[in-house]
1. Please specify each residue of region B:84-142 satisfying the condition of being charged (D, E, K, R) and touching a residue at least 24 places away in the same chain (Cβ under 8 Å).
2. Looking at (1) within 14 Å of chain B (Cβ to nearest Cβ); (2) within 15 Å of the chain's Cα centre (by Cα), which is the one condition that is false for residue A:139?
3. Take the residues in region A:185-209 that are without any contact (Cβ under 8 Å) to a residue 40 or more places away in the chain and under 22 Å from residue B:187 (Cα atoms), then tell me which one is most open to solvent (accessible area, probe 1.4 Å).
4. Cβ-Cβ distance below 8 Å, separation of 6 or more or different chains: which pairs start in region B:177-198 with a residue that is more than 8 Å from chain A (Cβ to nearest Cβ) and without any contact (Cβ under 8 Å) to a residue 60 or more places away in the chain and end on one that is charged (D, E, K, R) and surrounded by fewer than 22 Cβ atoms within 10 Å (Cβ to Cβ)?
5. Is region B:132-154 home to any residue that is over 19 Å from residue A:179 (Cα atoms), hydrophobic (A, V, I, L, M, F, W, C), within 14 Å of chain A (Cβ to nearest Cβ) and touching a helix residue (DSSP H, G or I) at 6+ places or on another chain (Cβ under 8 Å)?
6. How many residues does region A:193-239 contain that are modelled with pLDDT of 70 or more and within 9 Å of another protein chain (Cβ to nearest Cβ)?
7. Assess whether residue B:191 counts as being of a type in the set (Gly, Ala, Ser), over 15 Å from the mean Cα position of the chain (by Cα) and buried (at least 21 other Cβ atoms within 10 Å of the Cβ).
8. Within region B:35-49, can one find any residue that is on the phi > 0 side of the Ramachandran plot, buried (at least 21 other Cβ atoms within 10 Å of the Cβ) and not in a helix (DSSP H, G or I)?
Amino acid sequence: MNKYVERLYNGVIKENPTFVLMLGMCPTLAVTSSAINGLGMGLSTLVVLVFSNLLISLFRKVIPNGVRMPAYIVIVASLVTVVQFLMQAYLPSLSKALGVYIPLIVVNCIILGRAESYASKNGPIESIFDGIGMGLGFTMGLTIIGLIREILGAGTFFGLPFLSAIKGFTPITIFIMAPGAFLVLAFLVAGMNIIRKKMEAKGKPLAEPAGCLSGDCAHCGQSALCTGKSAGASDQEQA
Amino acid sequence: MSTLAELVLIAVGSAIVNNVVLSQFLGICPFLGVSKKTETAAGMGGAVIFVITISSFITGLIYKFILANPFLVKKGIDLTYLKTIVFILVIAALVQFVEMFLKKSMPSLYQSLGVYLPLITTNCAVLGVALNCVTYDYNLLEGVVYGFSTAFGFFIAIVLMAGIREKIEYNDIPKTFRGTAIVLITACLMSIAFMGFSGMI
């Protein structure tokens, strides 16, 4: 397979950030009250991710190892500010709906995670495709969760009447409120547990969840982002 | 100046009614990741209270006196657009500084909070509080009260969750729901319970 197509496949299916790696859970829960919001958040993350991957990959030989995290954060925060102003100018209603979660893309672990684990080690073109793949995977995840919540909670499909067109249909409003987000994600995780088991039986195990949902900071591949140390390093320091 | 009534309203509103985890979804990562035992959850909650209270004060100072300085704004220099970049860097530096300071001068407090401090840099609740203070146009005192009570809301949520998770250990849960899934279901029920407070304000 072409290495660029492989990057896209990796981001969308094999290491899908929402369903397989379970990264970026704060925006996943917060903005998926409708499919449009999920799509908007996913696409803004995609734009930031593509450009941050590109810039970090271009500068990877210039940035000293010791200050790489602050350097990445400055790059990502600048891009997020640009995206935020573009949205305020051209998509004011979406920008209002997403609110504080747009600037919070800065601390989305997908972006710093890809910077640390991919863009800082690979060339710019591959990094762009990695960003597109991961971004599309994240957009897909958010849109699907948003769609489920919107159909059940409001009876609409991307804002158009869907189930609500049926006479006597009462939407389960709790699904577009805060508890619904936790509930949908819980069933999603349970569903992924079944798929995970089936794939393991087939001999093709899925990638393990990488983020905080695994609840194991010591062995988390991303712990360098939170602690500035690589996995396992803190144990040695204490000893 | 803000009256005491306003401050109490901000405190109750952000700690209980609009709970940072259960209704605003900030700080989900530590909420799910570090809530296995009550002691560690309380340690994490304490560290978050400590950092958010200090950071909301510092970021408030920087915003009022540097970024949105009336003298500079009058001269046509409006730096408020830099707030996301400045806040995240200040928070990252602050966390490092607090860690070093505690290690040196308060070893006993460092023993209990130290492990959790570095994890807080990427906790979106800290940046979220700093940005919300600007959005809601809070003054310094209101900002600090808002920061402290938001973090206290986080403390309540994570300690409650840890208490429930300790009990869940002994329950017979369907195999597919073991682990994260049942924790999310618990979070859903807690969130429904906290919705009951929404009539208070």
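The values are calculated or read from the model by the stated rules, or taken from the named source; none is laboratory data. These numbers come from a predicted model, not from an experiment. Here the Cβ positions follow ideal geometry from the backbone for every residue, glycine too, while neighbour counts run over all protein chains shown. With ligands, DNA and RNA removed, areas are computed over all heavy atoms of the protein, side chains included. Shrake-Rupley method; radii C 1.70, N 1.55, O 1.52, S 1.80 Å.
1. Within region B:84-142, just B:142 meets the criteria.
2. Status for residue A:139: all satisfied but (1).
3. Taking the candidates together, the pick is A:187.
4. B:186/B:165
5. Yes - at least one qualifying residue is present in region B:132-154.
6. Qualifying residue count, region A:193-239: 4.
7. Against the criterion (of a type in the set (Gly, Ala, Ser), over 15 Å from the mean Cα position of the chain (by Cα) and buried (at least 21 other Cβ atoms within 10 Å of the Cβ)), residue B:191 qualifies.
8. For region B:35-49, residues on the phi > 0 side of the Ramachandran plot, buried (at least 21 other Cβ atoms within 10 Å of the Cβ) and not in a helix (DSSP H, G or I): absent.
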